[in-house]
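> Please find one structure pasted underneath; my questions will follow.
The values are calculated or read from the model by the stated rules, or taken from the named source; none is laboratory data. Bear in mind the structure is a predicted one, so any value in this text is a computation, not a measurement. Note that each Cβ is placed from the backbone with ideal geometry, even for glycine, and that neighbours are counted across all protein chains shown.
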Amino acid sequence: MKIAKDTLSFILEVSKSTAPMEFAGMLQAKGDVITDVVIVPGTESGEESATMQLFMLPNIHTIGTVHSHPSGSRRPSGEDLELFERKGKYHIIVGAPFDTSSWTCYNYKGEPVKLDVVDYEFKEKEEGW
Ligand code: ZN
C-alpha cells in the first residue's frame with residue numbers, strides 16, 4: 001500500500017495546526033494509493049475525543065483512519081485498537097513534532113505496517129489550476 005506525498009504533507013500540516021487538539025479523519029484511496037482525507041467535523045480537544053468522533057461516522061467507503069497524538073507518542077491506545085478493528089485496514093497515527101518521520105501506519109491488529117510515500121498526480125488539482 002502507498003500514500004501520496006501531498007496527502008501525507010496535508011495530514012502532517014493539519015495535525016500540526018490543530019495541536020494541542022487532536023485531528024482525526026478517514027482515509028480514501030484510488031487503487032493502491034491513499035489520496036484523500038475526509039476530515040471529521042467538530043473534533044474537540046481531549047486525548048481520546050478524536051477517536052470517538054471516528055467511531056460515530058457512518059460507514060462511508062474508506063480504507064482506514066488517521067488521527068493525531070499531540071503528546072508525541074504514536075502508540076495506539078486501547079480505544080484506538082478497537083477503532084482499527086472496525087474501520088478499515090490502514091490506520092495512521094501522527095505525533096508531535098509532525099515532521100515527515102512523525103507518523104506510523106498500523107494494520108487492523110495494531111501492528112506497524114510499511115506505507116510507501118509516492119508522488120501522485122492529482123488530476124482535479126491540475127484542472128483547477
Ligand atoms: Zn489515538
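> Among the residues of the range 64-87 satisfying the criterion of being assigned to a loop (DSSP other than H, G, I, E, B) and touching a residue at least 40 places away in the same chain (Cβ under 8 Å), which is farthest from MET1 (Cα to Cα)?
Per the stated criteria, the residue is PRO70.
> Now, a different point. Which residue out of ALA19, ALA29 is of a type outside the set (Phe, Trp, Tyr), closer than 26 Å to VAL118 by Cβ and modelled with pLDDT of 90 or more? Before you say what the answer is, go through the steps one by one.
On the way: ALA19 fails: closer than 26 Å to VAL118 by Cβ.
Result of the check over ALA19, ALA29: ALA29.
> Of the residues VAL94, VAL38, which is assigned to a strand (DSSP E or B) and either modelled with pLDDT under 90 or surrounded by fewer than 17 Cβ atoms within 10 Å (Cβ to Cβ) (or both)?
Result: VAL38 is the single residue among VAL94, VAL38 that is assigned to a strand (DSSP E or B) and either modelled with pLDDT under 90 or surrounded by fewer than 17 Cβ atoms within 10 Å (Cβ to Cβ) (or both).
> Right, another one. Checking THR51 against (1) out of contact with any Leu (no Cβ under 6 Å at 6 or more places or on another chain); (2) at pLDDT below 90, only one condition comes out false. Which one?
All conditions are met except number (1).
> Residue pairs, Cβ under 7 Å, 6 or more apart or interchain, first in the range 113-124 and assigned to a loop (DSSP other than H, G, I, E, B), second of a type in the set (Gly, Ala, Ser). List them.
Short answer, once both residue conditions are applied: TYR120/ALA4.
> I'd like the full set of residues that are polar (S, T, N, Q) and either surrounded by fewer than 20 Cβ atoms within 10 Å (Cβ to Cβ) or more than 13 Å from ILE93 (Cβ to Cβ) (or both), limited to the range 1-25. Working first, answer last.
Here is the first cut: in the range 1-25, the residues polar (S, T, N, Q) are 7, 9, 15, 17-18.
Correct list: THR7, SER9, SER17, THR18.
> Let me ask something else about it. Name the single residue that is nearest to ALA96 (Cα to Cα) among those in the range 1-34 being of a type in the set (D, E, K, R) and part of a helix (DSSP H, G or I).
LYS16
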